[in-house]
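A short write-up of the structure that comes next.
Each value in this text was obtained by applying a stated rule to the coordinates, not by laboratory testing. Remember, predicted model here, so these are calculated numbers, not experimental data. Cβ: placed from backbone, ideal geometry, glycine included. Neighbour counts: every protein chain shown.
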Amino acid sequence: MKKKYSLKFWVIAILFFISIISSKVAECKGFFDLEKSFKSDNLNLSPMLKKIMPSVVRVLTEYHLEYHGYYYNYLFNINNTDILNNKNVSEFNNFIDVKGIDKINKNYSISSNKMKKLGSGVIVDSDNAYVITNYHVISNADRIIVILTDGREYLAKIVGESKKMDLAMLRLINSKNLSSIKIANSNDVNVGDYCVAIGSPYNLKNSVSIGIVSALHRIIHEDNYFDNYIQTDAAINHGNSGGPLVNLNGELIGINASILSGDNDYSGNIGIGFSIPSNSVYRFSSQILKFGNLNLGKLGIKFSDFESENFKSFKIPYDKGVLINSVEKGSSAEKFGLKPGDILVSLSNIPILNSTFLKVELSTHFKNDVMSFQLYRNFKFLNIKVRLGGKKKIFYYGGHLHYKLSNSIFSIYDRKKLKNKLNNKKKEKLFCPKVKGIIVNSFLPNSYSHMLGLRVNDIIIGVNFHKVANIYDFKKSLSLNKNYVVLEVMRKNKIYFFTI
């Protein structure tokens, strides 16, 4: 016997099925809307890339790779019976004892091969033809060629460089009709933002990859407090170095510098790349154009971490900061009122997390920059602004000046300083003449210039028959001839000439 259902039951059943069908239709509609959103113009990078791609360049560097070592004036012939009577040959297996060979037969040699390396760069000033790239892309360069996306090639000269910041500024020679990129404020960059890396990985010109900002303020080199990298998973490989990292508006937020790869140094991208923030690039460029080099700021304090437990015992409403251990006499810190015992808790309203954070911040500030500190002193909070002084560069590595002076260290000749060092009137007459020049401070192992006759305390007063009074003259004269260098040297009040 069939069961009869009431009208009320059928109404409820029909409404139930209608609700299920409606929900399925809504799900399908949502799916198609989502698909449509991914096809929207917001994620179409083509218009942005067409606009900024002419500002991206390839940087081809030609340089000499040196080989230092010893060679011998003659070769031993193991088949010669006379060799068995030679005291420098072992009784076993006719092994030649190199240490026992007469030093007369041992000579120092240097050789070099012409090499090339390729990186990327970006034009930041089209009117003045300025290009930013990495220092490691153009280091020790004899010749730099910049190639635009349209195939044009220009010779470039180095305007300024910094090994620690891994940045270099180039200027294109006789260039025209250039396009530059807009520089964004990297402080506005957030983790999770989309970003685009552009460059020439493995010489694949004009390559583009997209990713996100994975992390900020990364320090990847131990004890290099210039590190303040943007980490990204946008594909960066060998050849991308010096190229731009941009936001979706096509604005520069960083310069691609390095990657974290596998055990092999030549491994490819694994999704961890690092870019120098655009604010660091802007500060570097400003210093180069204003001073010709990095005029680093100097605060003049020594400091250490202040532990959170100590903060609690002093009832300070902060759990992180740094304690000033000492203040250098005559420094900017002393002049503007910082004192030993002060606890620095924030810089420009940004909490000072630890001493590493402050070191990073100090490394990115230059002479005459103003730093605004909030500090805790005698149970009171104070706000103090400090205008930084400048650091004087004391030593110069020869390899940065000329490849034939590698493994040598120089400084500007200071007669008074050398007098105090020698502290002997007789030596003062011999070693402290009233001249201007560059003094040789020391040599590292396998220094070619030392093997050719330069000695510590030699005063270089001329290069290639041009007088040198400062490091600028020295570097400029060395650049006039890359392969042939004549040094005019004063030693014990006598003049010597050396060819290297």
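Set the bar at 20 Å for Cα to Cα. Now go through K157/K476; K320/K380; K51/K164 and name every pair that lies beyond it. Among K157/K476; K320/K380; K51/K164, the Cα-Cα distance tops 20 Å for K51/K164.
Starting from the 7 Å offset along Cα-to-Cβ, what nm value, one decimal, do you get for the label separation of N203 and V191? Taking the two extended label points, one gets 4.0 nm. Cα-Cα over 26 Å: which of K163/K492; K163/K302; K116/K298; K114/K176; K434/K475? In this structure, K163/K492; K116/K298; K114/K176 exceed 26 Å between Cα atoms.
Taking square-rooted eigenvalues a ≥ b ≥ c of the alpha carbon gyration tensor, is the range 297-390 rounded, prolate or oblate, where a/c under 1.5 means rounded and, failing that, a/b exceeding b/c means prolate?
prolate
Computed from label points 7 Å out along Cα-Cβ, the spacing between S304 and S46 is 6.2 nm. Please work out whether the range 183-291 counts as rounded, prolate or oblate from its C-alpha gyration tensor, where a ≥ b ≥ c are the square roots of the eigenvalues and a/c under 1.5 means rounded, while otherwise a/b larger than b/c means prolate and anything else oblate? Here the range 183-291 falls in the rounded category. Put a plus charge on the Cβ of each Lys and Arg, a minus charge on the Cβ of each Asp and Glu, and nothing anywhere else: the dipole of the range 297-390 about its Cα centre is then about 320 debye. Karplus-derived 3J(HN,Hα) values for the range 485-500, using 6.51 cos²θ - 1.76 cosθ + 1.60 with θ = phi - 60°, are 10, 10, 9, 9, 10, 9, 9, 6, 6, 10, 9, 10, 10, 10, 10, 10 Hz; glycine and proline are entered as x.
Can you give the local net charge around A257? Use residues other than it whose beta-carbon is closer than 13 angstrom to its beta-carbon, Lys and Arg +1, Asp and Glu -1.
With Lys, Arg at +1 and Asp, Glu at -1, the neighbours total +1.
Could you calculate the FRET efficiency of R415 with K157 from 1/(1 + (r/R0)^6), where r is the beta carbon distance between them and R0 is 45 Å, rounded to 0.05?
After rounding to 0.05, the efficiency reads 0.85.
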